[in-house]
Amino acid sequence: MQKHEEIFYIEPERLVPFHNHPFRVTMDEDMEELIDSIRSYGIITPLIVRPTEKGNYEIISGHRRKYAATVLGLLKVPVIIRYMSDDLAILSMVDTNLRREKLPPSEKAAAYRMKYEALCNLRKEYGRQKVDKALSGRSVDLLSNKTGDSPKQVQRYVRLSYLIPDLSYLLDKGELGLTPGYELAFLSEDEQRTVARVIAPTKRSPTLAQATAIKEASKVSQKKGGLTDQMVRKIIFSPKNSAERRVILSNDQLQPYFPEDCTPEMMKKGVLKIMQEWAEKRASGDPDRIKNKNQSDDASEDYANASAEASQDKKGDQANV
């Protein structure tokens, strides 16, 4: 609240939602707690609104409070009236709502895009030479500084706002990953509907590799009529490629099982030797499991042998220096 701002009391029915408001207002657990709080203590923080041409007031901050007031049947709610341009109102509306902890990815994406576009508009309006200090710098950097997300993350969320509702729904449910969703957001709306139509019966969402492949197929198919159901189905339901089957072990993961002086190359040789011997035993039908606690552990013996060979390799390497 700014200094010397007067609080007015206005009927809830005269308060209209912000145009293209990206944040959903629903009756969830948080809303029930808000209703209980307002029932007990009233609306402590006034809503922020701006006048409309029709004599009503557009809510900039306070959509959830207005919803709760309506549920409780309050006749009037406290508001602060501010006169703001569309772009400045968007900045205020987004900043206020981004403070909420639980935001679905699609809402965050839509809000980022609205603020990004508003910042771009304001920078053009003020001009590069006379731009306000608060608006200096790239729009994506300004968003990053305000939200805590990196510029790259901000760009990804802005792109995610281009997903059609069916795919945004999967994104919010966690059935579509952020990075696969980012790749699919580059498709046209018709192409996204094709993807949604293919995956709907099976509830099988694309992996990152598959989403990237669909995006590339879209580029190739532009001259041939565009992406088809058959093309998407072939990518989604084809056997996983080698890139998706890769297993990567870091040095930190392997180091506890080898002497401290083992180099990465020595650890690699040791692991491959252990796996080779294990595969040979499995192929020959030899038991490869410990039958009881008193029996020796084949894996431990293999490790000891591999470690000994690794140490021998190190001595050989040092002799060749």
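The values are calculated or read from the model by the stated rules, or taken from the named source; none is laboratory data. This one's a predicted model, so the numbers in the text were calculated from it and none came from an experiment. Positions of Cβ are backbone-derived with ideal geometry, glycine not excepted, and every protein chain shown enters the neighbour counts.
So the values come out like this:
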| quantity | calculated |
| --- | --- |
| Residues within segment 195-217 that are in contact with a Ser or Thr (Cβ under 8 Å, 6 or more places away or on another chain) and closer than 23 Å to V158 by Cβ, tallied | 2 |
| Number of the exception - E32 against (1) farther than 30 Å from Y157 by Cα; (2) modelled with pLDDT of 95 or more; (3) among the acidic types (D, E) | (1) |
| Those residues of segment 12-30 which are part of a loop (DSSP other than H, G, I, E, B), out of contact with any Phe, Trp or Tyr (no Cβ under 8 Å at 6 or more places or on another chain) and surrounded by 12 or more Cβ atoms within 10 Å (Cβ to Cβ), in sequence order | P17, F18, H21, P22, F23, R24 |
| Residue within segment 79-94 that is at pLDDT 90 or above, in a helix (DSSP H, G or I), farther than 28 Å from G55 by Cβ and not assigned by TED's automatic domain parsing to the domain that holds H21 present | no |
| Of the criteria (1) modelled with pLDDT of 55 or more; (2) among the hydrophobic types (A, V, I, L, M, F, W, C); (3) assigned to a helix (DSSP H, G or I), which one A299 fails | (1) |
| Residues that are without any contact (Cβ under 8 Å) to a residue 12 or more places away in the chain, surrounded by 10 or more Cβ atoms within 10 Å (Cβ to Cβ) and more than 17 Å from S238 (Cα to Cα), drawn from segment 214-228 | K219, V220, S221, Q222 |
| E11 being more than 19 Å from N97 (Cβ to Cβ), touching a Lys or Arg at 6+ places or on another chain (Cβ under 9 Å) and at pLDDT below 95 | no |
| Candidate set from segment 158-195 (those that are hydroxyl-bearing (S, T, Y), under 26 Å from V220 (Cα atoms) and surrounded by 15 or more Cβ atoms within 10 Å (Cβ to Cβ)); member that is farthest from the chain's Cα centre (by Cα) | T194 |
| Restricting segment 31-64 to residues that are more than 27 Å from the chain's Cα centre (by Cα) and among the basic types (K, R), the residue that is surrounded by the fewest Cβ atoms within 10 Å (Cβ to Cβ) | K54 |
| Test: residue in segment 213-220 that is under 18 Å from S161 (Cα atoms), in the same structural domain as Y169 (by TED's automatic domain parsing) and more than 20 Å from the chain's Cα centre (by Cα) | no |
| Scope segment 36-55; condition free of Cβ contacts under 8 Å to residues at least 24 places away in the same chain and farther than 30 Å from R113 by Cβ; matching residues | D36, S37, S40, Y41, G42, I44 |
| Every residue from segment 67-107 that is buried (at least 22 other Cβ atoms within 10 Å of the Cβ) and among the charged types (D, E, K, R) | none |
| Options E58, E33, E11; residue that is of a type outside the set (A, V, I, L, M, F, W, C) and over 28 Å from Y112 (Cα atoms) | E11 |
